[in-house]
Number of protein chains: 4
Amino acid sequence: MTSSITVPSTHGLRCVARSQWAEYARPGSTRPVTIGSVRVGAGQTVMIAGPCTVESREQTLEIAGAVQQAGAAILRGGAYKPRTSPYAFQGLGEAALEILAEARRATGLPFVTEVMDPRLVETVGRVADALQIGSRSMQNFPLLREVGRLGKPVLLKRGFGNTVHEWLHAAEYIAAEGNLDIVLCERGIRTFADGPYARSTLDLAAIRAVREQTFLPVIVDPSHAAGRAELVPALAAAALAAGAQGLLVEVVAHAADRETARCDGPQGVLPADLAQMVRTARALR
Amino acid sequence: MTSSITVPSTHGLRCVARSQWAEYARPGSTRPVTIGSVRVGAGQTVMIAGPCTVESREQTLEIAGAVQQAGAAILRGGAYKPRTSPYAFQGLGEAALEILAEARRATGLPFVTEVMDPRLVETVGRVADALQIGSRSMQNFPLLREVGRLGKPVLLKRGFGNTVHEWLHAAEYIAAEGNLDIVLCERGIRTFADGPYARSTLDLAAIRAVREQTFLPVIVDPSHAAGRAELVPALAAAALAAGAQGLLVEVVAHAADRETARCDGPQGVLPADLAQMVRTARALR
Amino acid sequence: MTSSITVPSTHGLRCVARSQWAEYARPGSTRPVTIGSVRVGAGQTVMIAGPCTVESREQTLEIAGAVQQAGAAILRGGAYKPRTSPYAFQGLGEAALEILAEARRATGLPFVTEVMDPRLVETVGRVADALQIGSRSMQNFPLLREVGRLGKPVLLKRGFGNTVHEWLHAAEYIAAEGNLDIVLCERGIRTFADGPYARSTLDLAAIRAVREQTFLPVIVDPSHAAGRAELVPALAAAALAAGAQGLLVEVVAHAADRETARCDGPQGVLPADLAQMVRTARALR
Amino acid sequence: MTSSITVPSTHGLRCVARSQWAEYARPGSTRPVTIGSVRVGAGQTVMIAGPCTVESREQTLEIAGAVQQAGAAILRGGAYKPRTSPYAFQGLGEAALEILAEARRATGLPFVTEVMDPRLVETVGRVADALQIGSRSMQNFPLLREVGRLGKPVLLKRGFGNTVHEWLHAAEYIAAEGNLDIVLCERGIRTFADGPYARSTLDLAAIRAVREQTFLPVIVDPSHAAGRAELVPALAAAALAAGAQGLLVEVVAHAADRETARCDGPQGVLPADLAQMVRTARALR
């Protein structure tokens, strides 16, 4: 728009740089990523929702049904959980993958789940519709290469201590293996303001920065940034207004589950809240 | 909503604590602040717009007319500018106040302008409809007391290095002098992410935190957070979606002025962009 | 040393830029600042110590005697206190200045005390040997000009949210009024790491950056960075090893005073700890 | 010292918590970790030095000889490099391990080298005397478990976006597999101050925090925090004064190599600087 614009150069980016692809030269244009039969970045806001962690068959099926009813297009759920402490619940692993597959059959929703270990990429990739690279793994380069080689869609969260430059180069690691099916996900960064009222500070200016430099779709996870359920709808609306093309939201079946969930309970919204967020997303479009 | 909510206690806040006022017990209810004849926090999104700095009579009158046309309700413009360097343009001072008064007569818009020096509070207060406390002055306690005593509406920006707790207590300094006519304004905080694509990181979770603890209206300045014009509309929309009750926006008359403005040119939006932001604000409400 | 060094340009600095003064062209050379008869930046490590706040004549005289015994060269003590809350103890004001003057007579130590209000610069300047600009006032430009005009030595703390660039330009505001007697004081910045074990993160690389760009002496306040007494000696030693030319340390007369002090008690070291810090400082030189 | 001390609780830490081990109950006492025949945390300051990256046999042997002459006790050198871009030099891999083994034979110094991929832990562990977990891998939990199982000494760097709490729990992941031979290494965190004059902000208060909670030895890497060679000695001295039990330093053979090094050249100190740092370390002890 003006000659005084100074954005980070795409120098160094090759596969994922907008400037390298004639078909995505139009500012803001996106190369959609298809997960199951859902196209992310194709114009519709895509809601990805589900439990933080697969804790049981019953819990997961109940939430999966509820998020499908609420209008979510993709199911999420943790099978392998990155936990600060080795003594915290680490997820049900392969058993969780089977439960998620059953939830997919029951609801018709494709699912995304996190993988942390390059040795498990194939195992997870056999079942999941998309693989999530979590915030702590954003610069786990062997893992990035492995999900690049697998060729299934990847949901790449931004590291909470990482710059946009590093994030885009993490995507480049995946793309360099021949896999362009990458959805970027902003989830908040660490700042002096964290703690008292939010867990991380959502960096919404990053959405615009990312969309200037690349054609990859960008979504936002308001749940981890918020750290508490009441804040999630406001941050979700802000993210969409800022240009996010989808949301990744953690859901609990009942308010009481916030206290008993084995991981990140307090930030789980209720299905009714999710339904409201879907309506807001439609209104904002 | 749940018993697990933990927000910073209002312990220590008296005058501005929601919990101290029966009439503002309803979550989210606001005590409107009247600037000129404009009520901030009364349901309508209030757009405050104008030049970063009053540079000349012509420039200011032109922009004032344009922002009024674009739908802004209040004019902004700097007479006394806080500048990092003593050799940078410091504003036209009293002459700027007269120009702003003329622009008010011409457009009918009340105006807000910054005061930095407690010795100038009376001078500025004689002319301005509201006094702005800038980000660098948020903990200038003698100044806060002085604008508290003056009794005119105050626009209190959050310090870029300050917590929400400190911000609310800065408001308490003003209120403790008997002046509750305070509009809070989030403008971004300093984080490791600053610089390459945005000047500060807008902390939109703070809007919700503030509105939980106090009944004071909260607006957002997307211009200083962005640092460049193209980013302003996206951050403005995000702020409103997150619950901001108004915006403070810097405007240039012509794109070329971004290069020649004596202060913060690159972030000034055009009147046409402002008009679009006004329409977005209406749509979001 | 090598051609690949990239430090922030001194562009914009005039009076305080090393590159502008032939006599300070030698890297690391300092223009000493004389407070009372004490020269800061003249080779000896200067210890500035005393109570956080002047609470009473007895408390101040006792601590003043103790810090003089422990080897401190300059007394510190707050008369006007910048407090987050308007309801917190704000200092004894002019009465505290008289107590500090009495402590000076009793010990022979010159004293430094903070001024926040440009209207009080003359009052404080009549009594104090040096005026402190606190962290929250670093960009209080009218105040900087006023202490510049007064001509007495100034202790300029870095704002906890401010860059080195801004800090040096704040010094330039003072110098531009003809006053070069400025001592810079690093006291920690706000980061995501603050809180659990330290109040701010001491930015010791800033010492070197500052000494590259200016000839002004630089000291460090380990007390506010630490927030608790046991951490102060380690941070003090680190600061001196990193090149600080003095320390600003808060002292309590007795350990029990940490609980009862009206401001920042937990970070006050005992006189015996201060004496040990003086010995460490001598050993490090 | 006083009852008002509030440090993060060791709740959740088991194997590495000082409070769990009667033999390390004395504050500051350390359980030494033996690398080759060098004991880290046994009273002597341990200097670990070498090239950022093994680029060739000649370069590595030359630097290894020089750092041994300069007084370093352990050699460092990168075989597998975590690089922001997939197109940057990624290290020589197994060939580098052989070169490091040759350098060990030539100098008698044991060596430490980074491993990023759990599938390479065994390969690296067959040759290296200690395995480094880099800053980006601090929360790579499968990798932490794998080096825990291997049983060789581990150098665990703090993530630049991670808290002390998370760092200690990362050590707990290793320890939970039965391996207590962990050396912690602070290397700077990301803050708003980064960039202009230092690459990260060294968090020296963390040294004390860590030594309160655990008996594991703690060293500091001043090279990555500094990002430029001239700053390294000052930060190294500060780290030791703050209680670091060793240093991890990057070395170039000749000043000109700073321009041509394939990774992080600008921060490499010369062997003569390293020798001076060894003398400073002895003087500080």
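The values are calculated or read from the model by the stated rules, or taken from the named source; none is laboratory data. Worth saying up front: this structure is predicted, and the values here are computed from it rather than measured. We place every Cβ from the backbone using ideal geometry, glycine too, and count neighbours over all the protein chains shown. We work out accessible area using only protein heavy atoms, side chains counted, and drop any ligands, DNA or RNA first. Shrake-Rupley method; radii C 1.70, N 1.55, O 1.52, S 1.80 Å.
Taking only pairs six or more apart or across chains, which ones have beta-carbon atoms under 6 Å, a first residue in the range B:253-265 that is at positive phi, and a second residue that is modelled with pLDDT of 95 or more? Short answer, once both residue conditions are applied: B:Asp264/B:Cys52. Kindly indicate whether D:Ala206 is assigned to a helix (DSSP H, G or I), open to solvent by less than 20 Å² (accessible area, probe 1.4 Å), at pLDDT 95 or above and more than 23 Å from D:Ala64 (Cα to Cα). Judged against the criteria, D:Ala206 is a match. Applying the selection to the range C:133-146, what residues are facing chain B (nearest Cβ under 9 Å) and among the aliphatic types (A, V, I, L, M)? If the condition is that a residue be facing chain B (nearest Cβ under 9 Å) and among the aliphatic types (A, V, I, L, M), then C:Met138, C:Leu143, C:Leu144 are the ones that fit.
Restricting attention to the range A:111-127, and to residues there that are more than 14 Å from the chain's Cα centre (by Cα) and open to solvent by less than 30 Å² (accessible area, probe 1.4 Å), which single residue is nearest to the other protein chains (Cβ to nearest Cβ)? Among them, the one singled out is A:Asp117. Listed by first and then second residue, the pairs linking a residue in the range D:138-152 that is on the phi > 0 side of the Ramachandran plot to a residue that is open to solvent by less than 10 Å² (accessible area, probe 1.4 Å), with Cβ atoms under 6 Å apart and 6 or more places separating them unless they lie on different chains, are D:Gly151/D:Asn179. Restricted to helices (runs of 4 or more DSSP H) entirely inside the range C:209-285, those with at least 1 residues that are surrounded by 24 or more Cβ atoms within 10 Å (Cβ to Cβ) are C:222-226, C:232-241, C:271-284.
The listed residues are C:Ala72, C:Ala49, C:Ala88, and the only one of them that is within 28 Å of C:His165 (Cα to Cα), in contact (Cβ under 8 Å) with a residue 40 or more places away in the chain and outside any helix (DSSP H, G or I) turns out to be C:Ala49. Counting only residues that are outside any loop (DSSP other than H, G, I, E, B) and either out of contact with any Gly (no Cβ under 9 Å at 6 or more places or on another chain) or under 17 Å from C:Gly159 (Cβ atoms) (or both), the range C:124-138 holds 9 of them.
When residues in the range C:155-200 are screened for being of a type in the set (A, V, I, L, M, F, W, C), modelled with pLDDT under 95 and closer than 17 Å to C:Ala239 by Cα, 1 of them pass.
Checking C:Arg158, C:Arg149 one by one, the residue that is more than 10 Å from chain B (Cβ to nearest Cβ) and surrounded by fewer than 24 Cβ atoms within 10 Å (Cβ to Cβ) is C:Arg149 and no other. Of all positions in the range B:163-185, at least one carries a residue that is among the hydroxyl-bearing types (Ser, Thr, Tyr), open to solvent by 10 Å² or more (accessible area, probe 1.4 Å) and either in contact (Cβ under 8 Å) with a residue 24 or more places away in the chain or facing chain A (nearest Cβ under 9 Å) (or both). With respect to being more than 7 Å from chain C (Cβ to nearest Cβ) and either in contact (Cβ under 8 Å) with a residue 24 or more places away in the chain or of a type in the set (A, V, I, L, M) (or both), D:Asp194 falls outside the description. Within the range D:64-82, being surrounded by fewer than 20 Cβ atoms within 10 Å (Cβ to Cβ) and charged (D, E, K, R) holds for no residue. Close Cβ contacts (under 7 Å, 6 or more residues apart or on different chains) running from residues in the range A:221-233 that are more than 10 Å from chain B (Cβ to nearest Cβ) to residues that are surrounded by fewer than 24 Cβ atoms within 10 Å (Cβ to Cβ) and assigned to a loop (DSSP other than H, G, I, E, B) comprise A:Asp221/A:Arg187; A:His224/A:Arg187; A:His224/A:Arg199; A:His224/A:Ser200. On the basis of being at the interface with chain D (Cβ under 9 Å from one of its Cβ atoms) and either of a type in the set (Gly, Ala, Ser) or in contact with a His (Cβ under 9 Å, 6 or more places away or on another chain) (or both), does C:Gly268 make the cut? Criteria not met by C:Gly268.
For B:Leu97, the requirement of being in contact with a Lys or Arg (Cβ under 9 Å, 6 or more places away or on another chain) and either at pLDDT below 95 or crowded, with 24+ Cβ neighbours inside 10 Å (or both) is not met.
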